[in-house]
Amino acid sequence: MDSTDDQLSVIVPVYNEAENFPRLIDEIENCLPRPYLVLIVYDFDEDTTLPVARKMAETRPYLSLVKNDLGRGPANALRAGFQEAQSGPALVVMADLSDDLHDVAEMLALYRDGCRVVCASRYVRGGKQLGGPFLKRTLSRLAGLSLYYMAGLPTHDATNNFRLYDAELVNEMQIESEHGFEIALELTAKAFVRGERIGEVPTVWKDRSAGESRFRLFRWLPKYLRWYRYALFGRWRAAKNRRTTAQPSSTAE
């Protein structure tokens, strides 16, 4: 993990992002340190992103299109992207350009310093959230800050999907989410319970200016609550795991 030559795998789930896509690629090329592989994950062949992405891939060998065959939805798209990524950390970004890719350099620095998950946080000093539905913003902030102060989860922003993960760790944890964007909370909570090192960088999130959002608050809220409870009691679960691991074997020498 101390090598600076690791290839960065960028996983981009798309949903009718034809208008946004060229700007996203410009941001990637301007902000991300090379080398990198960009995996464009789509659910259906009629997605408006595909003609634009295929055209741009003709002159960009780092671009690869991946069809999600695990079932429609953001979580399955991300799982398909993780499966396709072969080496290096996997960075999850949104195709609507809400995330500030200038933060990736700092995220990579923390990764190479030993963090196996790096969270971009809107709710820490230097971070900000601009726009977006009021209820969604409020619930997200409450979830992140309550888990930080009550459970000790080492990020103020538990629900932001702008994350950098160690690919090997993701494979070890076995993703259970199958529907929405709760996958970030699941992976971060599981890493926390395992005692993995988690880092955080401030980020400024801006609401999309074009395209269609796939976020479905009320449909996915029960999924978030499941992993919220898991993270909330994670400190005690992690302590129990450490005690179990530390117990000497009862097998006679």
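Overview of results
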| item | result |
| --- | --- |
| Segments 183-189, 99-105, 69-75, 51-57 sorted - mean Cβ within 10 Å per residue, highest first | 183-189, 99-105, 69-75, 51-57 |
| log₁₀ of I(q)/I(0) at q = 0.23 Å⁻¹ - the range 112-197, Debye sum with one point per alpha carbon | -1.23 |
| Partner aspartates and glutamates for K190 [C-alpha distance under 17 Å; skip if fewer than 8 residues away on the same chain] | D157, D166, E168, E172, E176, E178, E182, E200 |
| Relative packing of 14-20, 44-50, which averages over residues the other C-beta atoms within 10 Å, highest first | 14-20, 44-50 |
| L70 paired with D207, simple spin-label distance in nm, labels 7 Å along Cα-to-beta-carbon | 3.0 |
| Sparsely packed trypsin sites (Lys or Arg not before Pro) within the range 95-141, loop by DSSP, other Cβ within 10 Å at most 16 | R125 |
| L232, L32 arranged by Cβ crowding within 10 Å, fewest neighbours leading | L232, L32 |
| Length-normalised contact order for the range 8-238 - Cα pairs under 8 Å, 6+ apart - percent | 25 |
| Taking M107, M150 and counting other C-beta atoms within 10 Å, the order from fewest to most | M150, M107 |
| Computed over the range 17-103: relative contact order in percent, which uses C-alpha pairs under 8 Å that are six or more apart | 38 |
| Cα-based convex hull volume of the range 8-238 per residue, rounded to whole Å³ | 111 |
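Quick note: the coordinates plus some simple rules give every number you see, no bench work behind them. Because the structure is predicted, anything quoted here is derived from the model rather than measured. As a convention, Cβ positions derive from the backbone with ideal geometry for all residues, glycine included, and neighbour counts pool all protein chains shown.
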